[in-house]
Amino acid sequence: MENPFVLLRCFVSLVLSFTLVACGARGDLTEPPMPMGDFVLGHNIVVTENMQKVPISRDASGAEWEKAMKTAVDDRFGQKRYPGSRVYNIGISVDGFALAPPGIPIVAAPKSVLAVTANIWDDASGKKLNSEGQKFTVFESLSGDTVIGSGLTRTKAQQMEALSFNAVLKIEGWLQEHPDWFGMTKEQQSELLAVREAGIEKARDSAKAAPLADQPPDADPQEGAAPMQKKPN
């Protein structure tokens, strides 16, 4: 079991390092990471041998899915977010997908979907931590362009990126249900989550105050405005 004070000190350092950039990027990837103990990503494995495509779908090869999923895993669990020393390997099987095609009538509004199975290993012991693969099915996030069918508004690559992002976010949520896999108790995890939330709130408050802080104290609100034209008599 990791020393809880060491875990907390390391996690606070991570939170502070993310504070300045926590409010400006896609999704939550620039927010402080979720607590994962002394975690560092080892093997990032994606397999597609048994992948199936729903009949009404854009084509996507196994290689394309491997690239999209590995990128999503590295973005969320890579060393930029988790620079620990205890190595964990994540394996994902892409089981099936449907990518909404273009040209379908709006009334049909086809949805893109991805089904995956995830596993995780402790590299040092060579032990798989979950007894059975964890299955997830995800859709593209609801937005103005996906309501009418994302095949009309997004490219195949954009659909795959969105689905991969959502699948790996689900995997992160699943891993958070098992803090013992990462040398943490539930109590330690709760402490670290509280630190994370405080860091996010601080970043949001800083972002709100930034426009005022950037304004010079003696700034003239009319400075730089076009001079008023004198009305003719």
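The values are calculated or read from the model by the stated rules, or taken from the named source; none is laboratory data. Quantities reported herein were computed from a predicted structural model and do not represent experimental measurements. Here Cβ is always computed from backbone atoms with ideal geometry, including for glycine, and neighbour counts include all displayed protein chains.
Descriptive notes on the structure:
- Lone qualifier among 165, 136 - being in the same structural domain as residue 64 (by TED's automatic domain parsing), farther than 20 Å from residue 43 by Cα and either loosely packed, with under 13 Cβ neighbours inside 10 Å or at pLDDT 95 or above (or both): 136
- Scoring residue 182 on the criteria (1) at pLDDT 95 or above; (2) surrounded by fewer than 20 Cβ atoms within 10 Å (Cβ to Cβ); (3) more than 19 Å from residue 93 (Cα to Cα) leaves a single failure, condition (2).
- Counting the residues of the stretch 38-63 that are over 16 Å from residue 91 (Cα atoms) and surrounded by 15 or more Cβ atoms within 10 Å (Cβ to Cβ) gives 4.
- Beta carbons closer than 7 Å, at least 6 apart along the sequence or on distinct chains, pair a first residue in the stretch 26-50 that is of a type in the set (Asp, Glu) with a second that is assigned to a loop (DSSP other than H, G, I, E, B) for 31/22; 38/2; 38/84; 38/85; 38/183.
- Every condition in (1) free of Cβ contacts under 8 Å to residues at least 60 places away in the same chain; (2) under 26 Å from residue 157 (Cα atoms); (3) surrounded by 14 or more Cβ atoms within 10 Å (Cβ to Cβ) is met by residue 129 except one, and the failing one is (2).
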